[in-house]
Each structure stands twice: as structure tokens, then as C-alpha cells.
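Okay, structure first, notes after.
The values are calculated or read from the model by the stated rules, or taken from the named source; none is laboratory data. Computed from a predicted model, the values in this text were never measured in an experiment. Note: ideal-geometry Cβ built from the backbone for every residue, glycine included; neighbour counts use all protein chains shown. Just so you know, the surface numbers come from the protein's heavy atoms only, side chains and all, with ligands and any DNA or RNA stripped out. Shrake-Rupley method; radii C 1.70, N 1.55, O 1.52, S 1.80 Å.
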Amino acid sequence: PQTIRLSDYTPPAYLVDEVHLTFRLNPSATRVTSRIAFRPNPEARERRFKLDGEGLKLIRAMIDGEPVTPALSDAGLTCDAPDAPFTWEAEVEIDPEGNTALEGLYMSNGMYCTQCEAEGFRKITYYPDRPDVMAVFTVRIESDLPVLLSNGNPVERGEGFAEWHDPWPKPAYLFALVAGDLVNHPGRFTTKSGREVDLNIWVRPGDEGKCAFGMEALRASMRWDEEKYGREYDLDLFNIVAVDDFNMGAMENKGLNVFNSSCVLASPETSTDANFERIEAIIAHEYFHNWTGNRITCRDWFQLCLKEGLTVFRDSQFTADMRSAPVKRIGDVITLRARQFREDNGPLAHPVRPESFVEINNFYTATVYEKGAELIGMLKTLVGDDAYYRALDLYFERHDGQACTIEDWLAVFEDVTGRDLAQFKRWYEEAGTPRIDVEESWTPGAPGAQGGGTYTLTLRQHTPPTPGQEVKNPRVIPVKVGLIGPNGDEVAETRVLELTEAEQSFAFEGLTAKPVPSILREFSAPVILNRDSDAAERAFLLAHDTDPFNRWEAGRALAREGLMAMIVEGAAPDRHYLDAIERVARDETLDPAFRALALGLPSEEDMAQALFDAGHTPDPQAIWEALDALKSARAHAMQDIAATLYDAHQVRAPYRPDAEQSGARSLANAALAMLGRLDGGARAQAQYDAADNMTQQLAALTCLVRANAGDAAVQAFYDQWRHDRLVIDKWFGLQILNAEPARAVEVTRRLTQHPDFTLKNPNRFRAVLGALTAFPAGFHDPSGAGYALLTDWLLKLDPLNPQTTARMCSAFETWRRYDADRQTLIKAQLDRLLAQPGLSRDTAEMVGRIRG
Ligand code: BAL
Ligand code: ZN
């Protein structure tokens with residue numbers, strides 16, 4: 001397979017002004033005719049007329065009305081064409097029903113839908129399928145189905161057809177078409193300049209009752225983007241469609257967002273608080289793409305972070321504004337460490353702006369998205385809020401309607417601030433998570449002199465090598481630091497230290513006593529901070545730090561170090577941790593959501609990485625057992641307060657998925673989990689029986705399964721929800737995630753035999769096999785049965801859906817951190833995958849990179 005390189009970029013030979021598409025929909029033989037106005041690109045380096053196309057049956061082609069016979073290949077066609085503007089016309093036939101890859105035009109439950117990002121449009125018709133070719137689309141859909149949708153504004157609707165026109169030039173990856181027997185939940189929004197916009201959420205009949213929350217989230221997003229970024233919506237209509245079979249979470253097609261139904265449908269009975277928050281964030285994310293992605297798009301796919309990093313950053317800001325900023329930040333960092341640090345420290349590490357790829361679908365990664373968003377956050381910290389928003393204004397003004405690069409992005413910041421961002425650009429170019437080692441020194445003032453002491457922090461940065469990048473250069477790293485005096489008061493304003501050298505010292509003068517530093521407040525950079533500290537100091541910060549993130553971080557470090565001692569030295573659970581965390585749990589001045597987060601423990605994955613970093617070979621079973629022992633010790637130590645917390649945080653008001661209620665429920669359910677270890681699940685059973693919302697029902701069911709008292713409830717849950725595919729996804733996953741580690745593979749295998757398990761639905765596949773891979777102690781069973789089971793199913797899925805298969809291969813990305821026996825077992829499965837005849841390009845690239 002061919003490697004595509006950023007350095008090989010050349011401008012397109014021809015540009016497109018207008019595209020007219022007609023779809024005659026038929027499940028197995030849809031006819032697509034295209035009429036495309038091409039003109040030579042004055043900036044092109046060569047004049048070769050070449051169109052992308054995959055899996056298309058060409059019926060006819062014409063240039064300026066004259067039939068032509070192009071040279072066809074697996075990847076597209078070439079044809080002699082004029083060195084002047086001309087009209088291309090073609091007709092192709094495609095098979096939506098046979099499209100199980102869910103890219104291009106496919107069918108889901110009798111409904112036609114499309115997914116074109118990144119390179120799906122070439123499966124619909126011949127076209128220059130690259131984001132720097134932007135054109136105005138007019139689309140006619142011919143079908144007897146009642147709802148026929150495409151991008152932009154409706155032009156005409158008649159018997160058996162609909163016509164759409166999108167006035168905004170766009171790349172083909174933003175094209176969308178939906179046709180089906182759908183019902184809509186309507187809404188309306190008036191923009192700040194008075195434009196009336198019709199809003200719709202289109203769903204399958206029966207799902208109408210799950211749209212109200214999504215509609216409110218959409219309206220809130222539209223308002224927020226106007227207020228925060230001055231961005232107004234630009235069409236008369238905004239449609240969202242829910243689709244069951246979808247590889248991603250959602251897609252920002254212009255004016256016609258297509259959503260995985262799990263990311264838009266919500267009701268209190270079927271969705272958890274976490275589902276509601278995620279849905280709100282994804283609706284915002286897709287909506288925000290209208291400006292950061294659609295109006296200003298990417299020149300090529302190497303620039304993916306240009307739209308994704310910025311849009312993730314914007315949706316995080318939105319959630320922080322809608323809910324609790326500290327809780328959002330802590331949640332984001334948990335995810336970043338779990339997904340992106342793992343990627344950055346393994347064989348799949350790549351720069352935020354990759355330099356090469358075989359299959360671009362493999363680069364919709366945590367690095368491009370989440371680390372990409374962290375880079376925006378650092379930039380904002382470095383230049384300050386005011387300059388950040390001025391730079392964004394300039395970006396929108398200068399680049400509206402263009403396909404841009406990271407260089408364009410950084411240039412607006414340089415132009416607004418006068419700052420040289422050459423060093424900052426390394427964040428985009430170099431993979432790997434920087435480590436910062438901290439050293440400190442204290443020089444007291446002269447005897448008797450008040451406030452003459454100097455505290456000095458010395459920071460050293462280094463980034464370990466990553467595949468293909470042996471040498472790393474020092475980066476500019478904003479490190480937010482505060483100082484806390486012995487009595488717990490802040491003794492210096494939070495300062496942003498700009499670390500630019502490999503080693504640098506920063507002095508804080510005028511202090512009366514040696515302070516305790518609070519370093520990397522708000523997690524101001526995506527780095528690993530190493531600082532020798534002891535349990536007493538961590539407990540002090542957990543009690544006194546005014547930065548909520550670092551307060552949480554102190555508790556997390558205390559737990560992690562205690563767990564390390566349990567695993568490595570066979571130590572008992574750490575009393576410092578148990579006492580400190582109990583004080584936090586009791587502290588009524590703290591937000592319940594924060595307390596629930598503080599009661600969370602490092603994940604098995606966190607512990608495996610921490611052990612590996614400390615020079616140990618992680619044993620997933622030993623990690624699970626240590627976590628289990630710590631949870632039990634904590635439940636015993638905190639039994640009184642757990643019961644009090646549980647009772648005090650019961651929500652009696654009608655269900656709302658807002659920050660306040662969901663915070664209370666999360667703390668009560670953290671207490672329930674502790675109580676479940678003491679009462680055999682009695683309270684959980686009572687909560688299960690009384691639950692009137694999914695958050696309460698699922699928390700109780702989880703607790704019952706963990707207490708080995710859940711068989712009846714598991715069956716009852718299935719009987720109650722068998723008609724609801726999204727709830728049944730939860731049912732599948734929780735049985736695996738909460739099994740005894742030694743039984744997880746067997747439970748997974750049994751569930752793959754369940755009549756409701758199917759390879760055709762990515763959500764269901766992820767609910768089952770994804771749950772196994774998210775449970776290290778089960779997946780890494782020493783027998784290798786977990787590896788073999790996953791591989792069996794990846795091999796079955798690959799011919800149908802390469803994209804989802806390839807993503808799931810990342811379960812193996814950490815293989816080199818485990819013992820020799822496990823490494824041998826995993827390698828055998830990677831080799832088995834690679835030996836599969838006809839393995840997809842997607843999966844072959846992923847497995848090849850992981851195998852190394
Ligand atoms: N553009 C793919 C889906 C998303 O990031 O919004
Ligand atoms: Zn996105």
C-alpha cells in the first residue's frame with residue numbers, strides 16, 4: 001500500500017466551481033449522475049485530469065457533451081481534458097445495501113445515509129476527493145421515501161423527488177444525503193442578526209421522545225458560539241439525523257449533521273447523566289465545526305488537527321461554561337491520560353500533525369483530537385485570553401472560505417501578538433509526551449528579616465523517542481504554578497512559567513517560609529510531571545490547594561503511590577490516603593461532583609503505565625487485586641460517612657441531567673459502590689427496584705453484578721429493555737466490565753453468541769469486544785484467551801468494516817509493556833492478523849505499526 005506524505009502535497013490540477021448531483025435511489029443499484037464545472041487551477045504544477053473513485057460502476061462519461069472513455073483503475077480514473085474550463089458529466093451505479101463498511105452511501109435499517117469524511121465521497125461518484133477542492137453543490141434525490149435530505153437549503157420538493165442547494169463552497173467530505181421513513185423533532189433559533197433558522201432532529205419512528213435534550217443542546221450551542229466567538233449560523237435550516245449504524249460519533253456535514261444514535265438520542269429512562277453530558281458536548285462539537293471545519297477547512301488530511309483540535313477545545317470550553325469548569329477539566333485530563341498518553345507512549349505515537357499515513361481513517365486519534373485541543377489551550381495560556389480571541393477573529397476574517405494549514409493558523413497568532421511561534425510549532429511536529437522533572441531549593445532570608453526568602457524551581461524537560469523520531473527538541477511549555485504557605489494560604493499569585501530550554505530555573509522572592517508548590521495548575525500542558533513528594537505533602541495539597549485540578553491531582557497521586565506500594569512491596573492500603581480522602585468526602589464546602597471524582601481511583605491502565613514507567617513489568621491481575629483491596633479497605637474505613645453521603649445526596653426533585661443533580665447522583669453512587677462491598681448489594685437492590693432513571697438503575701445494576709448478586713437483575717434489565725438497542729449496548733458492556741477477571745473472556749464469548757450480538761452494528765461490536773479490551777485484568781488473561789477471542793472477531797469484522805476493525809486493534813498497542821509470555825501470545829495474534837489474505841489496508845497499517 002502507498003504511503004502518502006505531507007511533503008508530497010501538490011495543489012489540485014483543476015478546481016471545481018459547481019457540482020450538480022442526481023441520485024436515483026435503489027437499495028442495490030443506485031444511479032448517481034454528476035455534472036461538474038471544472039477549471040484549471042492556476043497554481044497547479046501539472047495539468048493532469050484525475051478523479052478519485054472506488055467501487056463505482058461507470059455507466060457513461062462526457063466532457064462538454066462529448067462521450068469520453070477514461071482510463072479506469074481501482075483508485076479512480078484519468079482522462080484527456082481541456083486546459084480550459086469544461087463540464088464533466090458522468091453516471092455511475094453503486095450498491096448501498098452491500099456497503100457494510102459504512103463509508104460512502106449505505107443503508108441502515110432501511111434508511112439511506114452517507115459518511116464521506118475522510119474519503120467516502122469517492123465511493124459515491126468520481127470526483128477530486130480532497131479537502132482543498134471546494135465547490136457549491138446542488139443535489140436532486142429521486143425516491144418514494146417520505147424524507148429526502150441533503151446539505152444546505154431546500155429548493156423544491158415534489159412527488160418522488162427533492163432538490164437541495166448549498167450556497168457555501170465545501171469539500172466533498174462534507175457532502176451528505178439521507179433518505180428514509182423518518183420523523184422529526186422540530187425547533188427554531190433566531191440568530192443574533194435576526195435570521196430565523198429551522199432546526200430538526202430526524203429519527204426513526206419510536207425515537208421521537210428522545211430528541212428534546214439534543215434540541216436544547218443545539219440551541220445552547222448556537223447561542224454560545226455567537227456570544228463567545230461571534231459566530232453566527234449561515235443557513236435557513238439545520239438538520240440532525242440519528243443513524244444506528246455509524247462508525248464514528250457524529251459528522252459535521254454542512255447543514256445536515258449525521259449522528260450515531262448513541263450520541264444524540266436521550267431520555268432519563270434510557271440515558272445516564274454521563275450520556276447526557278456527552279450528547280450535549282458532541283452536538284456542540286458538530287455545530288461548532290460549522291465555522292471551524294466547514295467555513296474554514298483543511299488543505300489536506302495532514303491538517304486534520306486544524307479543525308479537530310480547535311473544535312474539541314471549543315466544545316470543552318462550552319461544557320465548562322454550561323457545567324463545572326474544574327469538573328470538566330479533570331474529566332478531560334483523565335481521558336487524555338487514558339487514551340492520548342497511552343498512544344503517545346507506544347508504537348502508534350504520531351505528531352499532532354502527522355507527516356505520513358497509509359489510511360487517513362487511522363489518524364482520527366486521541367493525539368489529533370485531544371492533544372490537538374491541548375495545544376490550543378496552551379496557545380491561549382501563552383498569549384492570554386484577549387490576544388487569543390483577537391487571533392480567532394483574524395482567523396475567521398482572513399481565511400473564511402479557504403482550505404488552510406497549521407502554518408496559516410499559527411500565522412494569525414504571530415500577526416496578532418508579534419510573537420515567534422517557531423518553537424511552539426514543535427508541538428505539532430514532534431510526537432511523544434514530554435516529561436518535566438522538578439527540583440526545588442529554598443534560601444531563607446537574613447535572620448530577623450521578614451519575607452526575604454527565595455524559593456527556586458528548576459524544571460528539566462525531555463521527551464522520549466517515538467517511532468521514526470529519535471531526537472526531540474525542547475518545547476515551549478506553559479507551567480502554571482502557585483505557592484502555598486505552611487498554614488495553607490496562597491503566598492503567591494498563580495504564575496505562568498514559560499519553559500523553553502531543556503533546563504530552566506524560576507525564582508520566587510519575598511517569601512517568609514518555604515512554600516509547598518502547586519505545579520501545573522489546571523493541567524496547563526499535556527506533560528508528565530515528576531517531582532519527589534511525600535504522602536504528607538500530597539495530603540496537604542489535597543486539603544489546601546486552591547486550584548481544584550491540582551487538589552484532585554494530589555489525591556490521585558496519593559492513591560497511585562499507595563497502590564504502587566501495595567503491588568510492588570505487598571504493602572497495606574495507605575492510611576494517609578484513606579484519611580485524606582475521607583476528609584475530602586466529608587467536606588460539605590466541596591462540590592459533590594468534585595468529591596465523586598476525588599473518590600475515583602486510578603484506572604488499571606493508569607497503574608500499568610505508572611508501573612512500567614517506574615521500571616516494573618505490570619501484571620494486570622495484580623493491579624486489579626490491589627485496586628479491589630484498596631476499594632474494600634476504603635469501604636470499611638468509610639462505612640459511616642458512605643451511608644451518610646448516600647442518604648444526603650439522594651435527589652428527590654424530578655430528574656434533570658444538569659451539573660447539580662448529576663453531581664449529587666455521582667457522589668451518592670460512589671457511596672453506593674462502597675456500601676455494596678459491605679452489605680452484599682442490599683442497598684443496590686433497593687435502588688435498582690426503585691430507580692426511575694438510567695443513571696440510578698445502571699449504577700445499582702453494576703453494584704449488584706460486582707457483588708455477585710446480579711443474576712436476577714441482569715435478566716430483569718434485559719427483559720425490560722430488549723426493545724431499546726442503546727440500552728442493550730449498556731447491558732452487554734456492563735456484564736463484561738464487572739465480571740471477575742478470570743471469567744471476563746468466558747462472559748464475552750457467551751455474549752458474542754447472544755442473538756442480539758451482530759457484526760453489522762459498530763456500537764454493538766464495541767459494546768462487547770470493546771468492553772473486554774477496556775478491562776485489562778480480563779483481556780490480559782495469562783492464557784491468552786482474551787487476545788485470541790478479540791482476534792477471532794477482528795478477522796470476522798475486517799472484510800465487512802475495516803474502519804472499526806482497525807480502531808479496535810489499538811487494544812494491542814501496549815503489548816511491549818507486558819511480560820515475555822504475554823508478549824509472545826500477543827505477537828502470535830498480531831501475526832495471525834497480518835497473515836490474513838485480503839486484510840484491509842486500514843487494519844494492515846494499524847497492525848503493522850503496532851507489531852513494529
Ligand atoms: N469530523 C469527524 C467527526 C468529528 O470530529 O466531528
Ligand atoms: Zn470533529
Next item on the list: Take the residues in the stretch 1-21 that are within 28 Å of the chain's Cα centre (by Cα) and part of a strand (DSSP E or B), then tell me which one is nearest to Ile124 (Cα to Cα).
Entry: Ile4
Margin query: Consider the stretch 684-705. How many of its residues are touching a residue at least 24 places away in the same chain (Cβ under 8 Å) and within 28 Å of the chain's Cα centre (by Cα)?
Written below: 10
Check: Does Leu483 fit the bill of being touching a strand residue (DSSP E or B) at 6+ places or on another chain (Cβ under 8 Å), open to solvent by less than 10 Å² (accessible area, probe 1.4 Å) and at pLDDT 95 or above?
Finding: yes
Item checked: Search result, residues across the stretch 251-271 that are within 16 Å of ligand 2 (Cβ to nearest atom), among the β-branched types (Val, Ile, Thr) and more than 19 Å from Asp166 (Cβ to Cβ) -> Val264
Margin query: Take the conditions surrounded by 14 or more Cβ atoms within 10 Å (Cβ to Cβ), over 23 Å from Lys57 (Cα atoms) and over 33 Å from the mean Cα position of the chain (by Cα) and apply them to Pro40. Does it pass?
Written below: yes
Check: Where residues in the stretch 232-250 are buried (at least 22 other Cβ atoms within 10 Å of the Cβ) and within 16 Å of ligand 2 (Cβ to nearest atom), which of them is farthest from Asp181 (Cα to Cα)?
Finding: Ala250
Note to self: Please count how many residues of the stretch 112-151 are surrounded by fewer than 24 Cβ atoms within 10 Å (Cβ to Cβ) and either at pLDDT below 95 or among the small types (Gly, Ala, Ser) (or both).
What the structure shows: 3
Checklist line | strands (runs of 3 or more DSSP E) wholly inside the stretch 498-566 containing at least 2 residues that are open to solvent by less than 50 Å² (accessible area, probe 1.4 Å) and more than 29 Å from Gly451 (Cα to Cα) | finding: none
Notebook entry, point to check: How many residues, within the stretch 49-88, are in a loop (DSSP other than H, G, I, E, B) and surrounded by fewer than 12 Cβ atoms within 10 Å (Cβ to Cβ)?
Noted result: 6
Notebook entry, point to check: Considering the stretch 267-290 alone, what residues qualify as being within 16 Å of ligand 1 (Cβ to nearest atom) and open to solvent by 20 Å² or more (accessible area, probe 1.4 Å)?
Noted result: Arg278, Ile282
Margin query: Give me the residue from the stretch 247-266 that is part of a loop (DSSP other than H, G, I, E, B) and not small (Gly, Ala, Ser) and, out of that set, farthest from ligand 1 (Cβ to nearest atom).
Written below: Leu265
Next item on the list: Identify the residue in the stretch 272-318 that is of a type in the set (Lys, Arg) and assigned to a helix (DSSP H, G or I) and, among all such residues, is farthest from ligand 2 (Cβ to nearest atom).
Entry: Arg278
Check: Quick one: how many residues across the stretch 573-596 are of a type in the set (D, E, K, R), without any contact (Cβ under 8 Å) to a residue 60 or more places away in the chain and either part of a helix (DSSP H, G or I) or surrounded by 15 or more Cβ atoms within 10 Å (Cβ to Cβ) (or both)?
Finding: 6
Notebook entry, point to check: Of all residues in the stretch 415-437, which are closer than 22 Å to Leu497 by Cβ, acidic (Asp, Glu) and open to solvent by 60 Å² or more (accessible area, probe 1.4 Å)?
Noted result: Asp420
Notebook entry, point to check: Do any residues in the stretch 441-453 that are under 13 Å from Val491 (Cβ atoms) have Cβ atoms under 9 Å from those of residues that are of a type in the set (D, E, K, R) and loosely packed, with under 14 Cβ neighbours inside 10 Å, where the two are at least six apart or on different chains, and which pairs are they?
Noted result: Gly451/Glu509; Gly453/Glu509
Check: What residue, among those in the stretch 601-623 that are outside any helix (DSSP H, G or I) and touching a Lys or Arg at 6+ places or on another chain (Cβ under 8 Å), is most open to solvent (accessible area, probe 1.4 Å)?
Finding: Thr617
Note to self: Can you tell me how many residues within the stretch 709-724 are part of a helix (DSSP H, G or I) and either surrounded by fewer than 18 Cβ atoms within 10 Å (Cβ to Cβ) or in contact with a Leu (Cβ under 8 Å, 6 or more places away or on another chain) (or both)?
What the structure shows: 10
Next item on the list: List the number of the failed condition for Gly452; all other conditions in (1) at pLDDT 95 or above; (2) open to solvent by 30 Å² or more (accessible area, probe 1.4 Å) hold.
Entry: (1)
Checklist line | the stretch 291-311, residues that are among the acidic types (Asp, Glu) and either more than 10 Å from ligand 1 (Cβ to nearest atom) or under 15 Å from Lys425 (Cα atoms) (or both) | finding: Asp300
Check: Among all residue pairs at least 6 apart or on different chains, which show Cβ distances below 6 Å where the first residue, located in the stretch 315-331, is of a type in the set (Lys, Arg) and the second is crowded, with 20+ Cβ neighbours inside 10 Å and modelled with pLDDT of 95 or more?
Finding: Lys328/Thr319; Arg329/Phe549
Note to self: As an exercise: evaluate Leu336 against (1) open to solvent by 10 Å² or more (accessible area, probe 1.4 Å); (2) away from ligand 2 (no atom under 12 Å from the Cβ) and give the number of the one condition it does not meet.
What the structure shows: (1)
Note to self: Out of the helices (runs of 4 or more DSSP H) lying entirely within the stretch 342-439, which hold 1 or more residues that are under 22 Å from Val133 (Cα atoms) and not β-branched (Val, Ile, Thr)?
What the structure shows: 385-399, 406-417
Next item on the list: Give Ile282, Ile240, Ile201 a once-over and let me know the one that is in contact with a Gly (Cβ under 9 Å, 6 or more places away or on another chain), hydrophobic (A, V, I, L, M, F, W, C), within 30 Å of Glu429 (Cβ to Cβ) and outside the structural domain of Glu397 (by TED's automatic domain parsing).
Entry: Ile282
Check: So which strands (runs of 3 or more DSSP E) are wholly in the stretch 110-154 and hold at least 1 residues that are farther than 18 Å from Thr30 by Cβ?
Finding: 135-142
Notebook entry, point to check: Could you say whether any residue in the stretch 642-665 is open to solvent by less than 50 Å² (accessible area, probe 1.4 Å) and closer than 18 Å to Pro573 by Cβ?
Noted result: yes
Next item on the list: Pick out the one residue from Thr311, Thr319, Thr365 that is open to solvent by 10 Å² or more (accessible area, probe 1.4 Å), in contact with a helix residue (DSSP H, G or I) (Cβ under 7 Å, 6 or more places away or on another chain) and of a type in the set (Ser, Thr, Tyr).
Entry: Thr365
